[in-house]
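In what follows, a structure is listed as C-alpha cells, so that the remarks can point back to it.
The values are calculated or read from the model by the stated rules, or taken from the named source; none is laboratory data. Fair warning: this is a prediction, and the values are worked out from it, not measured in the lab. Cβ: placed from backbone, ideal geometry, glycine included. Neighbour counts: every protein chain shown. To get the accessible areas, we keep the full protein, side chains included, count just its heavy atoms, and leave off ligands, DNA and RNA. Shrake-Rupley method; radii C 1.70, N 1.55, O 1.52, S 1.80 Å.
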Amino acid sequence: MNRRTLMTTSAAAVAVTATGGWFAWRYPGGASPAAAEVPTTTAKVRRTDLSTSTQVSGALGYRGDYSVVAQGAGGTITALPDPGTVVNRNDAVYEVDNRPVRLFFADRPAFRPFESGMTAGPDVRALEENLKALGYLASADGTFTAATATAIRRWQRATGQTVTGRVELGEVVFQPGAIRVNVVTAKLAVEVHGGEPVLTATSTTAVVTINVPAGQTYLVHPGDTVNITLPDHRKVEGKVAFLSPVADQPQQQQDPGRGGPVLVPGIVTLNNPQLGTNLDRAPVQVAITDASVTGVLAVPITALVALAGGGFGVYRRNGAERTLVGVTPGLFSDTLVEVKGDGLHEGDDVEVPSS
C-alpha cells in the first residue's frame, strides 16, 4: 500500500467517525427512516491546492557556536556586552583597559600582530578584506604593504585609536560574521590573559532545531517546506536544511529501564530569519509538508458517500434535483479531500450534513 493509499484510508475512516456514521446511511438505494431525518445543506466544489503535513516540536535558536578568547598581552576587563547583543563588523565586542576589542570577519583566528615586514598569509588577507569592506583599502592581496599600513592608520584615526599603522594581537577578534552574544564568562574589573575565554556567541541567523521520531523520518526530507508556529502565534515559513543520519535518545530518557522515544535531530532555516530574532530558545511547532497537490477539485470530507458496492461518491444538488456522482478520493487535507471523476465541476453544489 503506498503512502497516498494509507492517508486516504486513514482520513476516510476519520471522516466516518467524525460525522457520526454519515457514510452508513447515505448509500444508493435509499436511506433508513431514522437516517433520513439528518439535516443537510450544500457546499461548493472548489479548485484549490491541498497538502498534508507532519507535526514535530522544535526550538527557536541561532546557528553556530563561537568562542571569543582573549589574545595578546590581555589586561583588565572594563566593558562587556549583555547576552543577546548583536555585534557587527567593526563594533566593540568587549573592552580591555578601556580599549575596545573590535570584531572583524574571518574564517580563522589571528595569531600574530599585523605590521610592516610580516610575511604574507591568509590572516593578512583577512585583515585587508575587512579594511576594504570598511572603505579604508582599495584591494586585498594578503601582503602587508605601505597601502595596508596607510589603511590601518585611517581606520585607527576614524575609530579614535592611537594611530600606529600596526594592529597588535588582541586588538581585533576574528569571527566568521556578525555574532549574537550568548553567554558572558569574563567578569568586569578582572584581569584577563591571552587564551582565556571571554564569551560565547552564535551567528545572527535564526534557525529551528527539530527532533523527529525515528519512525517518522521517512516523512521528512532536506528541502521540505515547513510552516512554523511561534509562541506568539505568528506563522512563518522555512525549509528543512539538515536531518541527521544518526538518531539520538534524550539525556533524561537514557535510563535503559525506562526506554523512551528515539529522535533524529534536524535544522530548519527560516525564509525570513529576522522574524525570530527576539525569541531565543523558545518552543515552537513545526508543520512539515510531506505531500501536496495543486489546482485540484476538492469537496468537504463529509460530502463523501460510501457506496454499497465499494468506492465513494457525492450527491450533486441542483435545486431540488439530487444526483449521485461517483468519485475517486485523492489527497485528504484537514477538512477537504481531492476528488476525481466525470460529472463533477468547479462551482457545483454537493450535499453535506448541516451539523
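Computed quantities for the displayed model
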{"quantity": "Sequence ranges 226-232, 50-56, ranked by mean other-Cβ count within 10 angstrom, highest first", "calculated": "50-56, 226-232"}
{"quantity": "Amide H contacts of Asn182 (H built 1.01 Å from N, under 5 Å, at least 5 apart or other chain)", "calculated": "Gly84, Thr200, Ala201, Thr202"}
{"quantity": "Net lengthening on full extension, Thr225/Thr328 (0.36 nm per residue, minus Cα-Cα)", "calculated": "34.4 nm"}
{"quantity": "In sequence order, calculated HN-Hα J values of region 119-135 (Karplus, 6.51, -1.76, 1.60; Hz; x Gly/Pro)", "calculated": "6, 5, x, x, 5, 5, 4, 4, 4, 5, 4, 5, 5, 5, 4, 8, x"}
{"quantity": "Label-point gap, in nm, between Asn88 and Asp49 - each point 7 angstrom along Cα→Cβ", "calculated": "3.4 nm"}
{"quantity": "Prolate/oblate/rounded call for region 277-355, Cα gyration tensor, a/c under 1.5 rounded", "calculated": "prolate"}
{"quantity": "Cβ-Cβ FRET estimate between Ser67 and Lys239, R0 fixed at 22 Å, reported to 0.05", "calculated": "0.15"}
{"quantity": "Segment Thr185-Asp141, extension gain: residue separation times 0.36 nm, minus the distance between their alpha carbons", "calculated": "12.2 nm"}
{"quantity": "Amide H contacts of Gln71 (H built 1.01 Å from N, under 5 Å, at least 5 apart or other chain)", "calculated": "Gly195"}
{"quantity": "Accessible surface of region 79-170 [probe 1.4 Å, protein heavy atoms]: carbon and sulfur percent", "calculated": "48 percent"}
{"quantity": "Reachable aspartates and glutamates, given that their alpha-carbon falls under 16 Å from the alpha-carbon of Lys340 and they are not under 8 places away in the same chain", "calculated": "Asp49, Asp348, Asp349"}
{"quantity": "C-alpha center-to-center spacing [region 137-173, region 325-355] in angstrom", "calculated": "71 Å"}
{"quantity": "Under 5 Å, built H, 5+ apart or other chain: amide partners of Ala110", "calculated": "Phe174"}
{"quantity": "Between region 206-248 and region 68-136, the alpha-carbon center distance in angstrom", "calculated": "36 Å"}
{"quantity": "Inter-label distance for Val163 and Leu134, nm, one decimal - labels placed 7 Å from Cα along Cα-to-Cβ", "calculated": "1.5 nm"}
